[in-house]
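The values are calculated or read from the model by the stated rules, or taken from the named source; none is laboratory data. The structure displayed is predicted, hence computed values, not measured ones. As a convention, Cβ positions derive from the backbone with ideal geometry for all residues, glycine included, and neighbour counts pool all protein chains shown. SASA here: full protein model, heavy atoms, side chains in, ligands and nucleic acids out. Shrake-Rupley method; radii C 1.70, N 1.55, O 1.52, S 1.80 Å.
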Amino acid sequence: MERRRGKPVTVLRASGFDERGFREMVADLKATLATGGSASGLEAMLQGDHRERVRGLLRDRGVAVKG
């Protein structure tokens, strides 16, 4: 997905998480991937195209991944 100015972002949408747990997971992903991003509610955007790495990291943490 692209955000403004044509730069790629990776979008995460959560189900089955509480907001605090989701934000903690996003903060951990941002640190692991050394990238910026933001979270609002149960949706987050990470700067850059990290789809494959995020899938792997989430699966390693026992999180079911769609898409």
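Key figures
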read-out: Enumeration of residues in the stretch 12-67 that are in a helix (DSSP H, G or I) and more than 12 Å from the chain's Cα centre (by Cα); value: Glu19, Arg20, Gly21, Arg59, Asp60
read-out: Hits in the stretch 22-54 (condition: open to solvent by 70 Å² or more (accessible area, probe 1.4 Å) and either on the phi > 0 side of the Ramachandran plot or of a type in the set (Phe, Trp, Tyr) (or both)); value: Ala34
read-out: Scope the stretch 44-67; condition in contact (Cβ under 8 Å) with a residue 12 or more places away in the chain, among the β-branched types (Val, Ile, Thr) and over 26 Å from Arg5 (Cβ atoms); matching residues; value: Val63
read-out: Met25 being modelled with pLDDT under 90 and not hydroxyl-bearing (Ser, Thr, Tyr); value: no
read-out: Residue in the stretch 6-21 that is at pLDDT 90 or above and on the phi > 0 side of the Ramachandran plot present; value: no
